[in-house]
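Working notes, structure below.
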Amino acid sequence: MHEMTAINLKDAFGGESMAHMRYKIWADKAQQEGFSNVARLFVAIAYAEQVHATNHFKVLKDSTGDFRVGSGGGFGLGTTSENLQGGIDGENFEVNEMYAAYLAVAREQGEKSAERSFHYAISAEKIHAAMYQEAKQAVDGGKDYEVGTIHICDCCGYTCSGEVPAKCPVCGVNSSQFTSFE
(Lines give C-alpha, C1' and ligand atoms only; values in the text may rest on other atoms or scores of the structure.)
Protein backbone atom coordinates (compact mmCIF):
# COMPACT_ATOMS: atom_id res chain seq x y z
CA MET A 1 0.00 0.00 0.00
CA HIS A 2 1.19 3.51 -0.78
CA GLU A 3 2.38 5.36 2.31
CA MET A 4 0.07 8.36 1.93
CA THR A 5 -3.02 6.18 1.66
CA ALA A 6 -1.89 4.15 4.68
CA ILE A 7 -1.38 7.33 6.71
CA ASN A 8 -4.84 8.57 5.70
CA LEU A 9 -6.42 5.25 6.71
CA LYS A 10 -4.69 5.38 10.10
CA ASP A 11 -5.80 8.95 10.67
CA ALA A 12 -9.35 8.10 9.62
CA PHE A 13 -9.33 5.09 11.96
CA GLY A 14 -8.30 7.36 14.84
CA GLY A 15 -10.90 9.98 13.98
CA GLU A 16 -13.73 7.45 13.66
CA SER A 17 -12.69 5.78 16.92
CA MET A 18 -12.81 9.12 18.73
CA ALA A 19 -16.15 10.02 17.14
CA HIS A 20 -17.53 6.67 18.31
CA MET A 21 -16.63 7.43 21.93
CA ARG A 22 -17.55 11.13 21.75
CA TYR A 23 -21.05 10.26 20.48
CA LYS A 24 -21.55 7.72 23.25
CA ILE A 25 -20.60 10.36 25.83
CA TRP A 26 -22.90 12.89 24.19
CA ALA A 27 -25.69 10.27 24.21
CA ASP A 28 -25.42 10.09 28.01
CA LYS A 29 -25.73 13.89 28.20
CA ALA A 30 -28.78 13.90 25.90
CA GLN A 31 -30.41 11.21 28.06
CA GLN A 32 -29.72 13.27 31.20
CA GLU A 33 -31.35 16.30 29.58
CA GLY A 34 -34.47 14.30 28.65
CA PHE A 35 -33.80 13.85 24.94
CA SER A 36 -34.03 10.08 24.69
CA ASN A 37 -34.40 10.02 20.89
CA VAL A 38 -31.35 12.26 20.47
CA ALA A 39 -29.50 9.90 22.81
CA ARG A 40 -30.55 6.97 20.61
CA LEU A 41 -29.41 8.87 17.51
CA PHE A 42 -25.98 9.47 19.06
CA VAL A 43 -25.69 5.77 20.00
CA ALA A 44 -26.74 4.61 16.52
CA ILE A 45 -24.32 6.94 14.76
CA ALA A 46 -21.59 5.91 17.22
CA TYR A 47 -22.14 2.39 15.92
CA ALA A 48 -21.82 3.62 12.31
CA GLU A 49 -18.52 5.28 13.22
CA GLN A 50 -17.36 1.94 14.66
CA VAL A 51 -18.24 0.31 11.33
CA HIS A 52 -16.11 2.91 9.51
CA ALA A 53 -13.19 2.47 11.91
CA THR A 54 -13.40 -1.30 11.50
CA ASN A 55 -13.40 -1.01 7.70
CA HIS A 56 -10.33 1.25 7.78
CA PHE A 57 -8.59 -1.11 10.21
CA LYS A 58 -9.28 -4.12 7.98
CA VAL A 59 -7.86 -2.36 4.92
CA LEU A 60 -4.70 -1.85 6.99
CA LYS A 61 -4.47 -5.59 7.75
CA ASP A 62 -0.86 -5.76 6.54
CA SER A 63 0.29 -2.79 8.63
CA THR A 64 1.57 -3.98 11.97
CA GLY A 65 3.27 -2.21 14.81
CA ASP A 66 2.73 1.02 16.67
CA PHE A 67 1.95 4.22 14.81
CA ARG A 68 1.31 7.77 15.93
CA VAL A 69 -2.08 8.76 14.56
CA GLY A 70 -2.57 12.41 13.71
CA SER A 71 -6.34 12.54 13.41
CA GLY A 72 -8.31 15.51 14.61
CA GLY A 73 -10.94 15.09 17.25
CA GLY A 74 -13.52 17.39 18.73
CA PHE A 75 -13.59 17.77 22.48
CA GLY A 76 -16.02 19.28 24.92
CA LEU A 77 -19.17 18.29 26.74
CA GLY A 78 -21.80 20.96 26.29
CA THR A 79 -25.56 21.00 26.21
CA THR A 80 -27.28 18.58 23.86
CA SER A 81 -27.72 21.41 21.35
CA GLU A 82 -24.01 22.27 21.54
CA ASN A 83 -23.06 18.61 21.23
CA LEU A 84 -25.28 18.23 18.16
CA GLN A 85 -23.57 21.26 16.63
CA GLY A 86 -20.25 19.54 17.35
CA GLY A 87 -21.55 16.48 15.53
CA ILE A 88 -22.71 18.57 12.56
CA ASP A 89 -19.37 20.35 12.35
CA GLY A 90 -17.39 17.11 12.60
CA GLU A 91 -19.45 15.26 10.02
CA ASN A 92 -19.31 18.20 7.59
CA PHE A 93 -15.53 18.42 8.00
CA GLU A 94 -15.23 14.72 7.18
CA VAL A 95 -17.45 15.07 4.09
CA ASN A 96 -16.12 18.34 2.70
CA GLU A 97 -12.45 18.11 3.58
CA MET A 98 -11.07 14.96 5.18
CA TYR A 99 -12.73 12.15 3.23
CA ALA A 100 -12.86 14.20 0.03
CA ALA A 101 -9.05 14.48 0.15
CA TYR A 102 -8.48 10.90 1.35
CA LEU A 103 -10.71 9.54 -1.40
CA ALA A 104 -8.88 11.54 -4.07
CA VAL A 105 -5.50 10.26 -2.86
CA ALA A 106 -6.70 6.64 -2.74
CA ARG A 107 -8.08 6.94 -6.29
CA GLU A 108 -4.88 8.55 -7.55
CA GLN A 109 -2.80 5.80 -5.95
CA GLY A 110 -5.03 2.99 -7.21
CA GLU A 111 -5.83 1.77 -3.70
CA LYS A 112 -9.25 0.21 -4.37
CA SER A 113 -9.85 -1.15 -0.86
CA ALA A 114 -9.06 2.20 0.74
CA GLU A 115 -11.18 3.96 -1.86
CA ARG A 116 -14.14 1.73 -1.02
CA SER A 117 -13.69 2.26 2.74
CA PHE A 118 -13.50 6.05 2.31
CA HIS A 119 -16.51 6.02 -0.05
CA TYR A 120 -18.57 4.09 2.49
CA ALA A 121 -17.68 6.55 5.24
CA ILE A 122 -18.30 9.74 3.27
CA SER A 123 -21.69 8.43 2.10
CA ALA A 124 -22.83 7.84 5.68
CA GLU A 125 -21.32 11.04 7.09
CA LYS A 126 -23.53 13.13 4.79
CA ILE A 127 -26.59 11.45 6.29
CA HIS A 128 -25.27 11.86 9.84
CA ALA A 129 -24.82 15.62 9.37
CA ALA A 130 -28.40 15.95 8.10
CA MET A 131 -29.86 13.87 10.95
CA TYR A 132 -27.90 15.86 13.53
CA GLN A 133 -29.17 19.09 11.94
CA GLU A 134 -32.79 17.89 12.21
CA ALA A 135 -32.22 16.81 15.81
CA LYS A 136 -30.66 20.17 16.69
CA GLN A 137 -33.64 22.04 15.27
CA ALA A 138 -35.96 19.97 17.46
CA VAL A 139 -33.81 20.42 20.58
CA ASP A 140 -33.46 24.15 19.97
CA GLY A 141 -37.27 24.25 19.83
CA GLY A 142 -37.46 22.52 23.21
CA LYS A 143 -38.50 19.13 21.81
CA ASP A 144 -36.94 15.71 21.42
CA TYR A 145 -36.06 14.55 17.91
CA GLU A 146 -38.94 12.68 16.29
CA VAL A 147 -37.36 9.70 14.60
CA GLY A 148 -38.39 6.11 14.06
CA THR A 149 -36.15 3.11 14.31
CA ILE A 150 -32.63 3.97 13.17
CA HIS A 151 -30.89 1.37 11.01
CA ILE A 152 -27.14 1.08 10.40
CA CYS A 153 -25.62 -1.08 7.67
CA ASP A 154 -23.07 -3.39 9.31
CA CYS A 155 -20.97 -3.38 6.14
CA CYS A 156 -20.66 0.32 5.26
CA GLY A 157 -22.32 2.35 8.02
CA TYR A 158 -25.16 3.64 5.81
CA THR A 159 -27.75 5.15 8.15
CA CYS A 160 -31.51 5.53 7.74
CA SER A 161 -34.68 5.72 9.79
CA GLY A 162 -38.08 4.16 9.29
CA GLU A 163 -38.07 1.08 7.07
CA VAL A 164 -34.90 -0.88 6.43
CA PRO A 165 -34.14 -0.96 2.69
CA ALA A 166 -34.21 -4.36 0.98
CA LYS A 167 -30.62 -3.66 -0.14
CA CYS A 168 -28.18 -1.08 1.16
CA PRO A 169 -28.06 1.76 -1.38
CA VAL A 170 -24.33 2.24 -0.74
CA CYS A 171 -22.80 -1.25 -0.57
CA GLY A 172 -25.64 -3.49 -1.77
CA VAL A 173 -25.90 -5.93 1.16
CA ASN A 174 -29.37 -7.17 2.04
CA SER A 175 -31.52 -5.97 4.92
CA SER A 176 -30.38 -8.77 7.25
CA GLN A 177 -27.01 -6.95 7.45
CA PHE A 178 -28.46 -3.97 9.34
CA THR A 179 -28.41 -3.27 13.08
CA SER A 180 -31.46 -1.42 14.37
CA PHE A 181 -31.77 1.06 17.22
CA GLU A 182 -35.30 1.42 18.62
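Checked across the stretch 72-80, the condition of being touching a residue at least 12 places away in the same chain (Cβ under 8 Å), outside any loop (DSSP other than H, G, I, E, B) and under 13 Å from Ala6 (Cα atoms) holds for no residue.
Restricting attention to the stretch 81-101, the residues that are hydroxyl-bearing (Ser, Thr, Tyr) and under 12 Å from Lys126 (Cβ atoms) add up to 1. Of the listed requirements (1) part of a helix (DSSP H, G or I); (2) among the aromatic types (Phe, Trp, Tyr); (3) within 20 Å of Gln31 (Cα to Cα), Tyr102 misses just one: (3).
Would you mind telling me which numbered condition in (1) more than 15 Å from Phe42 (Cα to Cα); (2) buried (at least 17 other Cβ atoms within 10 Å of the Cβ) Ala135 fails? Of everything listed in (1) more than 15 Å from Phe42 (Cα to Cα); (2) buried (at least 17 other Cβ atoms within 10 Å of the Cβ), Ala135 misses just condition (1). If only residues of the stretch 64-80 that are modelled with pLDDT under 95 and of a type in the set (S, T, N, Q) are counted, the one that is surrounded by the most Cβ atoms within 10 Å (Cβ to Cβ) is Ser71.
Tell me, please, whether a residue that is hydroxyl-bearing (Ser, Thr, Tyr), assigned to a helix (DSSP H, G or I) and in contact (Cβ under 8 Å) with a residue 12 or more places away in the chain can be found in the stretch 135-157. No, that holds for no residue. Among residues of the stretch 15-42 that are crowded, with 24+ Cβ neighbours inside 10 Å, those with a beta-carbon under 6 Å from a residue that is at pLDDT below 95 and assigned to a loop (DSSP other than H, G, I, E, B) at least six positions away or on a different chain give the pairs Gly15/Ser71. With the structure loaded, tell me whether Glu146 is surrounded by fewer than 20 Cβ atoms within 10 Å (Cβ to Cβ), under 24 Å from Glu182 (Cβ atoms) and either out of contact with any Ser or Thr (no Cβ under 8 Å at 6 or more places or on another chain) or not β-branched (Val, Ile, Thr) (or both) or whether it fails that test. Judged against the criteria, Glu146 is a match.
Rundown of residues vs (1) of a type in the set (Gly, Ala, Ser); (2) at pLDDT 95 or above, yes/no style:
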{"residue": "Asp62", "(1), (2)": "no, no"}
{"residue": "Asn83", "(1), (2)": "no, yes"}
{"residue": "Asn92", "(1), (2)": "no, yes"}
{"residue": "Glu115", "(1), (2)": "no, yes"}
{"residue": "Ala130", "(1), (2)": "yes, yes"}
{"residue": "Gln137", "(1), (2)": "no, yes"}
{"residue": "Gly142", "(1), (2)": "yes, yes"}
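Being crowded, with 17+ Cβ neighbours inside 10 Å, among the charged types (D, E, K, R) and in contact with a Ser or Thr (Cβ under 6 Å, 6 or more places away or on another chain) is true of Glu111.
The values are calculated or read from the model by the stated rules, or taken from the named source; none is laboratory data. This one's a predicted model, so the numbers in the text were calculated from it and none came from an experiment. Cβ atoms come from the backbone with ideal geometry, glycine included; neighbour counts cover every protein chain shown.
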